[in-house]
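Comments concern the structure below.
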Amino acid sequence: MRNNIRILGFLLSFCLWLNFTNIYAQLEVTQESDAEKLAKAFVGIGLEVSNATLTCPEGGSGFFNGEFTNLGINEGIALCSGTIDEMPGPNDESGATGINTCVDGDQDLNDIIIGFTTNDACILEFDFIPYSENLSFNYVFGSEEYLEYVGSSFNDVFAFFIEGPGVPFQNIALIPGTTVPVSINNLNDASNSEYYVDNGSGFLLTPTRQCNTMA
């Protein structure tokens, strides 16, 4: 019997920001705002997708090709709180963003990073029918806030919420071996550093964000 599993969203409030050294090629990105195309690209060929919706800042979603980079994933979808055009880097300035106005955050994200209020959430939500009992996905979390805003109120966060028959609502994007959500304050050069890759530090300047808090 096939059961619908509902992916309640890639809820991201960051822009993947990578600075590749000369031995790697440049990350390639293409903007795309069609929720169904993004969802189908994520789950792969042959799986049925329905009810796909995208709530995201303009220019914050699309596809990437990282085959010849140090990203660790050859291709996939990208969801950002800013614009994906900023993804290739380099991470050489503080507060870089392609979007200068604040849009809504997400309550589910607020609930997993207590004490922070999110803004600029990029949310992809869809239903799909799995054909096996196991579900897995690969992702890379990145943020322009590294490292200058670690420990500050600018706490970018990523979550992957899932719900379905016999599967309670939960975030399955956790730091391995823990129940800790993935955010810049939880994963950096000092905390869970075995999962952190330094791709540039940015400039240590005074924050220039227009929101009171960002995550």
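The values are calculated or read from the model by the stated rules, or taken from the named source; none is laboratory data. Here the structure is a predicted model, which means the values were calculated and not measured. Cβ coordinates were reconstructed from backbone atoms using ideal geometry, including for glycine residues, and neighbour counts include every protein chain displayed. SASA here: full protein model, heavy atoms, side chains in, ligands and nucleic acids out. Shrake-Rupley method; radii C 1.70, N 1.55, O 1.52, S 1.80 Å.
Structural remarks
- Subset of segment 132-148 that is of a type in the set (S, T, N, Q) and touching a residue at least 24 places away in the same chain (Cβ under 8 Å) - its residue that is nearest to Asn74 (Cα to Cα): Asn138
- Of all the residues in segment 28-86, those that are touching a Lys or Arg at 6+ places or on another chain (Cβ under 6 Å) and surrounded by fewer than 19 Cβ atoms within 10 Å (Cβ to Cβ) number 0.
- Some residue of segment 124-147 being open to solvent by 40 Å² or more (accessible area, probe 1.4 Å) and under 22 Å from Asp104 (Cβ atoms): yes
- Residues of segment 126-166 that are over 23 Å from Gly44 (Cα atoms) and touching a Gly at 6+ places or on another chain (Cβ under 6 Å): Glu148 alone.
- Total residues in segment 148-176, condition surrounded by 14 or more Cβ atoms within 10 Å (Cβ to Cβ) and either touching a Cys at 6+ places or on another chain (Cβ under 9 Å) or more than 30 Å from Ser50 (Cβ to Cβ) (or both): 8
- Members of segment 113-123 found to be more than 19 Å from Thr55 (Cα to Cα) and open to solvent by 40 Å² or more (accessible area, probe 1.4 Å), listed by number: Ile114, Gly115, Phe116
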